[in-house]
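A short write-up of the structure that comes next.
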Amino acid sequence: MTQTQTHLLVKRLIEKDQSAFELVFKEYYSVLCQYAAGYLNDMEASQGIVQEVFVRFWEKCEDLSPDSSIKSYLYRAVHNACLNHLKHLKVRDNYRQYVIDRMEEAEEPIEESVENIENRIHEAIDKLPPQCARIFRLSRLEGLKYREIAEHLGLSIKTVEVQMGKALKLLREELKEFR
């Protein structure tokens, strides 16, 4: 393209002439995709970036200077978009690694904490008076209702309620460090 043809094309772009934009798109799309792929090693991402560059180019073409070099403008825009894309990928990968590291650090102490809490609960239940512990286990660990526990042990429902109240009070006291 001669300098006069380029100057005329820029003038048409400034006036938002769609056919001028189509000419520029057809002229540069493929070569810009190859150029971007040289940075990204990913043709699909390269095509997306070039398309975004052309969208922005169309949105801002009325701001072009009549002496603008379309080729330089587009190559610079694709270059910058590729660098931004690579920075984004690096930030995303760093964040992903950060999350993985935090999860690995947290997994071991959480598992140990759960195991420690379970052990402390069983120790606290073992410290309860025998009948109180038995009623608590039937209720909370086996899921029986007070009426079922009363029938099973030959006690009144009121005795089961009193023993459960006592068990819960003693366990709250014994396990207060976990509140």
**Asked** So which residues in region 128-147 are free of Cβ contacts under 8 Å to residues at least 24 places away in the same chain and in contact with a Leu (Cβ under 8 Å, 6 or more places away or on another chain), if there are any at all?
**Response** R134, L138, L144
**Asked** Mind checking which residues of region 7-46 are surrounded by fewer than 16 Cβ atoms within 10 Å (Cβ to Cβ) and polar (S, T, N, Q)?
**Response** Q18, S19, S30, Q34, N41
**Message:** Quick check on my filter: what residues within region 47-65 are loosely packed, with under 11 Cβ neighbours inside 10 Å and either among the β-branched types (V, I, T) or not assigned by TED's automatic domain parsing to the domain that holds D17 (or both)?
**Reply:** V55
**Complete:** Exactly one of S68, S113 is assigned by TED's automatic domain parsing to the domain that holds E15 and either modelled with pLDDT under 90 or charged (D, E, K, R) (or both), and that one is S68
**Request:** Can you run down the residue pairs with Cβ atoms below 7 Å, 6 or more apart or on separate chains, where the first is in region 7-25 and of a type in the set (S, T, N, Q) and the partner is buried (at least 17 other Cβ atoms within 10 Å of the Cβ)?
**Result:** none
**Message:** One residue is enough: does region 67-82 have a residue meeting the conditions over 30 Å from Y28 (Cβ atoms) and under 45 Å from the mean Cα position of the chain (by Cα)?
**Reply:** no
**Asked** Condition test on S156, is it of a type in the set (G, A, S), loosely packed, with under 15 Cβ neighbours inside 10 Å and either closer than 30 Å to V53 by Cβ or at pLDDT 90 or above (or both)?
**Response** yes
**Message:** Looking at region 69-82, can you tell me whether even one residue there is of a type outside the set (A, V, I, L, M, F, W, C), surrounded by fewer than 10 Cβ atoms within 10 Å (Cβ to Cβ) and not in a loop (DSSP other than H, G, I, E, B)?
**Reply:** yes
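The values are calculated or read from the model by the stated rules, or taken from the named source; none is laboratory data. Quantities reported herein were computed from a predicted structural model and do not represent experimental measurements. Ideal geometry is used to build each Cβ from the backbone, glycine not excepted, and the neighbour counts take in all protein chains shown.
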